[in-house]
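Rule-based calculations on the coordinates, nothing more; no lab input. Keep in mind that this is a model prediction, so the values were computed, not measured. No Cβ is skipped: glycine too gets one built from the backbone with ideal geometry, and neighbour counts run over all protein chains shown.
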Amino acid sequence: MIKVLFFAKLREELRINELDIEYKAEVASIRDLISYLRQEYQQIDNVKNIKAAVNQELVLDWDLSLNDGDEVAFFPPITGG
Amino acid sequence: MVRIQEEGFDIQSEVKKIKPSDESDIGALVTFVGYVRDFKDNKFDTLTSMEIEFYPGMTEKALIEIEEKARRAWDVFDVNIIHRFGKLNLNDEIVLVAVTSAHRTEAFRACEFIIDFLKTDAPFWKKEIGLKSESWVDVNKKDYEKVNKW
């Protein structure tokens, strides 16, 4: 399984906090995973400059391979402080 | 030390944690406190509150990493970072960064470094809630430009 989390505006647009996706070839990388998610959640495109974290580390290279058991988070750019 | 909490904090008691009265090597203490303020440019609405969301687990790690980076760069004694989440009202404090050092330069620079990186590297998201509308805060490009200068 891959655990997928959404935050802030993305969470609101998708109306979902998290979901589990079976680990398979269609979700082998971050780029694949977001394409896969887009089939069901077209609203993903309402949020610009989406960032991704794998196992709670920010990942800039979306071609990074995912592994079974990974936690992947998608969120808008950070606005803390 | 870093802390993420819903409740407010007392600046004086948080400062005492890193500057006990019996600690005589500390020559400088710098504190930064960020507050919820009214909209700057929006003449059509008045801000009433703010909601702050974070990523439990990742956000704590990011704060610890920022503190460690500052400690590697400057000779500081201690650091106290608190960032709030949840619903905050106008004028509420959002964030505290307090740094102690032997001398002021290290304390000032480390404090500014930490708050600058909090803006870009710690996963928090702010939503501004006004009388008529609410919206997620947009990224301020200046924050990213500032971080790139360190």
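Given the criteria touching a Lys or Arg at 6+ places or on another chain (Cβ under 6 Å) and either assigned to a helix (DSSP H, G or I) or not aliphatic (A, V, I, L, M) (or both), does B:ASP38 qualify? So that I can check it myself, show each step before the final result.
Numbers: touching a Lys or Arg at 6+ places or on another chain (Cβ under 6 Å): no; either assigned to a helix (DSSP H, G or I) or not aliphatic (A, V, I, L, M) (or both): yes.
When the stated conditions are applied, B:ASP38 does not pass them.
Return the residue satisfying two criteria in turn: it lies in the stretch A:41-61 and is facing another protein chain (nearest Cβ under 9 Å) and without any contact (Cβ under 8 Å) to a residue 12 or more places away in the chain, and of such residues it is nearest to A:GLU13 (Cα to Cα).
Once the filter is applied, the top-ranked residue is A:LEU58.
What do you reckon, is B:ILE66 within 11 Å of B:THR100 (Cα to Cα) and either in contact with a strand residue (DSSP E or B) (Cβ under 9 Å, 6 or more places away or on another chain) or more than 14 Å from chain A (Cβ to nearest Cβ) (or both)? Lay out the reasoning, then the answer.
Values: within 11 Å of B:THR100 (Cα to Cα): no; either in contact with a strand residue (DSSP E or B) (Cβ under 9 Å, 6 or more places away or on another chain) or more than 14 Å from chain A (Cβ to nearest Cβ) (or both): yes.
No, not satisfied.
Against the conditions (1) in a helix (DSSP H, G or I); (2) touching a residue at least 60 places away in the same chain (Cβ under 8 Å), where does A:GLY69 fall short? Just the number, please.
For A:GLY69, the exception is condition (1).
So for the stretch A:65-78 (the condition being surrounded by 15 or more Cβ atoms within 10 Å (Cβ to Cβ), more than 24 Å from B:MET50 (Cβ to Cβ) and away from chain B (no Cβ under 13 Å)), does at least one residue qualify? Full working, then the answer.
Step one: of the stretch A:65-78, the residues surrounded by 15 or more Cβ atoms within 10 Å (Cβ to Cβ) are A:66, A:70-78.
If we keep only those that are more than 24 Å from B:MET50 (Cβ to Cβ) as well, we get A:66, A:70-72.
Next, from what is left, pick out any that are away from chain B (no Cβ under 13 Å): A:66, A:70.
Checked against the condition, which is being surrounded by 15 or more Cβ atoms within 10 Å (Cβ to Cβ), more than 24 Å from B:MET50 (Cβ to Cβ) and away from chain B (no Cβ under 13 Å), the stretch A:65-78 yields at least one hit.
Please go through the stretch B:77-95 and pick out each residue that is farther than 16 Å from B:PRO123 by Cα and crowded, with 19+ Cβ neighbours inside 10 Å. Let's see the steps before the verdict.
Pass one, the stretch B:77-95, residues farther than 16 Å from B:PRO123 by Cα: B:77-80, B:87-93.
Matches in the stretch B:77-95: B:PHE77, B:VAL79, B:ASN80, B:LEU88.
Can you name every residue in the stretch B:17-35 that is more than 21 Å from A:ALA8 (Cα to Cα) and not in a loop (DSSP other than H, G, I, E, B)? Explain how you work it out, then say what you get.
Taking the stretch B:17-35 as the starting set, the residues that turn out to be more than 21 Å from A:ALA8 (Cα to Cα) are B:17-33.
If the condition is that a residue be more than 21 Å from A:ALA8 (Cα to Cα) and not in a loop (DSSP other than H, G, I, E, B), then B:LYS17, B:ILE18, B:ALA28, B:LEU29, B:VAL30, B:THR31, B:PHE32, B:VAL33 are the ones that fit.
Mind checking whether some residue in the stretch B:40-57 is in contact with a strand residue (DSSP E or B) (Cβ under 8 Å, 6 or more places away or on another chain), away from chain A (no Cβ under 14 Å), under 17 Å from B:PHE124 (Cα atoms) and surrounded by 14 or more Cβ atoms within 10 Å (Cβ to Cβ)?
yes
Return yes or no: is B:GLY27 more than 14 Å from every other protein chain (Cβ to nearest Cβ), among the small types (Gly, Ala, Ser) and closer than 18 Å to B:HIS103 by Cα?
Details: more than 14 Å from every other protein chain (Cβ to nearest Cβ): yes; among the small types (Gly, Ala, Ser): yes; closer than 18 Å to B:HIS103 by Cα: yes.
Considered against the rule, which asks whether it is more than 14 Å from every other protein chain (Cβ to nearest Cβ), among the small types (Gly, Ala, Ser) and closer than 18 Å to B:HIS103 by Cα, B:GLY27 comes out as yes.
Of everything in the stretch B:99-150 that's within 8 Å of chain A (Cβ to nearest Cβ) and among the β-branched types (Val, Ile, Thr), which residue is nearest to B:PHE39 (Cα to Cα)?
That would be B:VAL137.
Determine which member of the set B:TRP125, B:TRP150, B:TRP74 is closer than 27 Å to A:VAL54 by Cβ, among the hydrophobic types (A, V, I, L, M, F, W, C) and surrounded by 15 or more Cβ atoms within 10 Å (Cβ to Cβ). Walk me through how you get there before you give the answer.
Working: B:TRP150 fails: surrounded by 15 or more Cβ atoms within 10 Å (Cβ to Cβ); B:TRP74 fails: closer than 27 Å to A:VAL54 by Cβ.
The match here is B:TRP125.
Would you check which residues across the stretch A:6-61 are among the polar types (S, T, N, Q) and in a loop (DSSP other than H, G, I, E, B) and list them? Talk me through it step by step, then tell me what you get.
Filtering the stretch A:6-61 for residues among the polar types (S, T, N, Q) gives A:17, A:29, A:35, A:39, A:42-43, A:46, A:49, A:55-56.
Answer for the stretch A:6-61, where residues must be among the polar types (S, T, N, Q) and in a loop (DSSP other than H, G, I, E, B): A:ASN17, A:ASN49, A:ASN55, A:GLN56.
Does the stretch B:1-22 hold any residues that are without any contact (Cβ under 8 Å) to a residue 12 or more places away in the chain and either surrounded by 13 or more Cβ atoms within 10 Å (Cβ to Cβ) or of a type in the set (D, E, K, R) (or both), and which are they?
Going through the stretch B:1-22, the residues without any contact (Cβ under 8 Å) to a residue 12 or more places away in the chain turn out to be B:10, B:12-13, B:16, B:20-22.
Across the stretch B:1-22, the qualifying residues are B:ASP10, B:LYS16, B:ASP22.
Which residues, taken from the stretch A:36-56, are exposed (fewer than 13 other Cβ atoms within 10 Å of the Cβ) and under 20 Å from B:GLU53 (Cβ atoms)?
Residues of the stretch A:36-56 exposed (fewer than 13 other Cβ atoms within 10 Å of the Cβ): A:38-40, A:42, A:45-46, A:48-49.
Result: A:ASN46, A:LYS48, A:ASN49.
Could you tell me whether any residue of the stretch B:102-116 is over 14 Å from the mean Cα position of the chain (by Cα), within 30 Å of B:ASP25 (Cα to Cα), of a type outside the set (A, V, I, L, M, F, W, C) and buried (at least 21 other Cβ atoms within 10 Å of the Cβ)?
yes
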